[in-house]
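Q: Take a look at this one; I'll ask things after.
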Amino acid sequence: MPLTAPAPPARTATLTAPPWRGLPAAQQPPWPDPAAVADVAGELARLPALTAAADVRQVGAALADVSAHQAFLLQAGDCAEPTGAMGVAALQGKHRVLGEMGEIISNRLEMPTMTVGRIAGQYAKPRSKPEEIVGGRALPVFRGLNVNAPDADAAARIPDPRRLLAGYHSARALLSELHIIAHRAASDLTPLSAASITARRPRSWDGTLRAVLDDYGRTHRTEEGWRRTGLWTSHEALLLDYEEPFVRRDPRTGEDYLLSTHLPWVGDRTRQVDGAHIALLAHIANPVAVKIGPGISRGDLIALCQRLDPHRRPGRLTLIVRLGAADVRRLLPEMIRTVAEAGHQVVWACDPMHGNTFTAATGHKTRHMDDIVAETSAFIEILHRAGQWPGGLHLEVAGDRVTECLGAGGPRSEQGLARAYRTLCDPRLNDDQARLLAQRAADLIARG
Ligand code: PEP
Ligand code: CO
């Protein structure tokens, strides 16, 4: 997280006819009162943006480095993020574990790791069914705290647009915390000489020590190295009513940026090439990411790349593949060929979580470390074999000692899941599992 980025002054959204309006938009909540949603959207448009275009451009430059095999992308955090005081309380742990993982990876690969949280806005979830069974009762499904509450109560499940404002203020509080952490880290630089940092900078970085700190996660071989790791923000750009008010024109460049986050992504359920979500990503100047599941066709993959990266700009597009341990070897080689033939220099990132989810006999949604490691290993091996850089990992981690995923570093049996199962949505890795996976991935990548 950079030291700059104070909130830019309030600006109104600049678009009178956003190109995504009127296009089919999957996974939007059934808001009971559309007029109330419009009021909230108007209020959001008058509030200061959450990120700054200059910082978003730095994220783009860092991703270009990743796409050029000069850095690594580690993107991780909650599946569904808590808001309010709970969100702030959980921040330190996530910041710490991402930093530790970043340090493990950087030390092994001898290159910078750019750390990006699923953080400060990961408050909305796409769901596979409109209802879920809770305590034997069918209830409207929980869609993230920007929409409804997870309580086992029909009234709590009614989508409430005022939650979008609460989400905004939660994100703002987290961004303040991140600035405080970054500031503390920067003022604690005495053991490192500017020369030693400069020596490790990738070639594309320019400028001063400040620029290095402002840039992205610095890591080095001192004990507290991870404390200086910066954290950028990302979330799934799912709720158009929340995102649209943050599309703001940058007076410096005349481009429109999505300033609710640094790196927005579109999920596997909303990546329809002619849909509203992809139209939003295509319009904005941020670097963008898309989740790719086993159901994508070759034609859709080509069309998505063309739509989102028409100028073939290195790092503009990150493809987060989540194919599952069972399918990754069969499907990934062809995808890599397709994208390379179309001439896009994307960041390839592996999400080894979402293709490996199952329900345990105890009723808990879970994932097994064996599958997570297997998919990650296959991803690395296949990218290497294709002569490409397996430069990214996208994970769900808690920053805490939760018991949500099975296997190494966590519960050995399904009975152990209940001990500390706290997620609001999908099961997350605990600290030990996250560090183990970072070590394993870094070893495999380093071995080539
Ligand atoms: C997620 O990242 O939590 C998610 C829903 O992922 P996907 O779009 O890959 O299913
Ligand atoms: Co998830």
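Q: Express the relative contact order of the chain as a whole percentage, based on alpha carbon pairs under 8 Å and six or more residues apart in sequence. Can you show the working numbers first?
A: On the way: 938 pairs, mean separation 94.3, N = 448.
Result for the chain is 21 percent.
Q: Order by neighbour count: His183, His364, fewest other Cβ atoms within 10 Å first, most last. Show your work: numbers first, answer last.
A: On the way: His183 13, His364 18.
Starting with the residue having the fewest Cβ neighbours, the order is His183, His364.
Q: Compute a Gaussian network model of the chain, connecting alpha carbons closer than 10 Å, and tell me which residue from Gly254, Gly416, Gly135 fluctuates the most.
A: Highest fluctuation of the listed residues: Gly135.
Q: Enumerate by residue number the trypsin sites (Lys or Arg not before Pro) in segment 47-96 meeting two conditions: DSSP loop (anything except H, G, I, E, B), and at most 15 other Cβ atoms within 10 Å of the site's Cβ.
A: Details: sites: Arg57, Lys94, Arg96; in loops: none.
Nothing satisfies the criteria.
Q: Something else about it: Mind listing the lone cysteines of the chain, meaning no other Cys beta-carbon sits under 4.7 Å from theirs?
A: Cys305, Cys350, Cys405, each lacking another Cys Cβ under 4.7 Å.
Q: Would you compute, from DSSP H runs of 4+ residues alone, the mean residue ellipticity of the chain at 222 nm, taking -39500 (n - 2.57) per run and dividing by the full residue count, rounded to the nearest 500?
A: Numbers: 12 runs with 163 residues, N = 448.
So the helix-based figure for the chain works out to -11500 deg cm²/dmol.
Q: Using alpha carbons only, how many angstrom separate the centre of segment 58-118 from the centre of segment 277-315?
A: Each part reduced to its Cα centre gives a spacing of 22 Å.
Q: Shifting gears a bit: Starting from segment 308-383, pick out the trypsin sites (Lys or Arg not before Pro) whose DSSP state is loop and whose Cβ has at most 16 other Cβ atoms within 10 Å. Before the final figure, lay out the partial values.
A: Working: sites: Arg312, Arg316, Arg322, Arg329, Arg330, Arg337, Lys365, Arg367; in loops: Arg312, Arg316, Arg322, Arg367.
Answer in residue order: Arg312.
Q: Now a separate question. Figure the gain on full extension for Lys365 and Glu255 (residue separation times 0.36 nm, minus the Cα-Cα span) and round it to one decimal in nm.
A: On the way: separation 110, 0.36 × 110 = 39.60 nm, distance 4.19 nm.
Length gained between Lys365 and Glu255: 35.4 nm.
Q: What ranking of Lys129, Lys291 emerges when the number of other C-beta atoms within 10 Å of each C-beta is taken as an exposure proxy, fewest first?
A: On the way: Lys129 8, Lys291 23.
Fewest-to-most ranking of Lys129, Lys291: Lys129, Lys291.
Q: Name the residue, out of Val347, Val116, Val402, whose mean-square fluctuation peaks in a Gaussian network model built on the chain with Cα pairs under 10 Å.
A: Ranking Val347, Val116, Val402 by mean-square fluctuation puts Val402 first.
Q: Give the order of His344, His69, His283, His235 when sorted by the count of other beta carbons within 10 angstrom, beginning with the fewest. Intermediate results must be reported in sequence, preceding the final value.
A: Details: His344 22, His69 12, His283 16, His235 29.
Lowest count first: His69, His283, His344, His235.
Rule-based calculations on the coordinates, nothing more; no lab input. Please read these numbers as outputs of a predicted model, since none were measured by experiment. When we count neighbours, we look across all protein chains shown, and the Cβ atoms used for this are built from the backbone with ideal geometry, even at glycine.
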